[in-house]
Structures are given as C-alpha cells and as structure tokens.
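Enquirer: One structure coming up, written as structure tokens, with questions to follow.
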C-alpha cells in the first residue's frame, strides 16, 4: 500500500494501467510491482485504519497478493510509518526491521 506522508489515499486513476497505488507515490516510478498490487482493487481506507482499528481485512488482501514482499520491502526502505504494507502493520514492520538488523550483524 502506498501513499505520501500525511496524505489520505485516493482511488483516482491517472490511466488504464496505473492504479491508485502508483498515483499515491509520484516520483517512485521504479516500483513496477505497484501495477500488480491487489490493494489497488480495494478501498484504500482498509489499509489505513484508525490507531488500534481493525486491520484483518487489509491483511487478508495482502496474504493473497503476489507482490507482498516487494510492497513490504518498499515500505521498509522508505520508512513508511503508517498503514498496512506487505501484510504488516507499523509495529510489525518495526520488529521486522530489527530482525533484519540482527540477521545481518
């Protein structure tokens, strides 16, 4: 799931192939996986619940998505601090970052 910091998700498409995921990250054209992300076919609000809100629906979508690993890696590389990305919440991503640091040391 992709969005700019402090911006609410939008489902407005700019063309037939690029979905709202790509629209939310202008300037990050290197992320080709965005075109195939299942979250693009889902209400973006699902991926950005209120603090402590339910995230089960977003995680179900992520579990079926074949670009989840790319999405998660993108979120980690770009320090995304909100929302569900690659099936992980912000807390889960923080633990994953720590785990990766531990594995590489």
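Bear in mind that the values in this text are calculations on the coordinates, not laboratory data. Given the structure is predicted, the values throughout are model-derived calculations rather than measurements. Counting neighbours? That spans all protein chains shown, and the Cβs are built from the backbone with ideal geometry, glycine included.
Enquirer: Just the number, please: Stokes-Einstein D of region 20-104 in µm²/s, Kirkwood Rh from C-alpha pairs, 4 °C, 1.567 mPa s.
Expert: The Stokes-Einstein estimate is 99 µm²/s.
Enquirer: Here's a follow-up. How would you rank 85, 74, 33, going from fewest to most other Cβ atoms within 10 Å of each one's own Cβ? Display every interim value, and only then the final one.
Expert: Details: 85 26, 74 22, 33 18.
The fewest-first ordering by Cβ neighbours comes to 33, 74, 85.
Enquirer: Could I ask something else about it? Kindly put 42, 69, 102 in sequence by how many other C-beta atoms sit within 10 Å of each C-beta, fewest to most.
Expert: 102, 69, 42
Enquirer: Rounded to the nearest 0.05, what FRET efficiency do residue 60 and residue 100 give with R0 = 30 Å and r taken as the Cβ-Cβ distance? Could you check? Present the calculation step by step, with values, prior to reporting the outcome.
Expert: Details: r = 25 Å, r/R0 = 0.83.
Taking R0 as 30 Å, the efficiency between residue 60 and residue 100 is 0.75.
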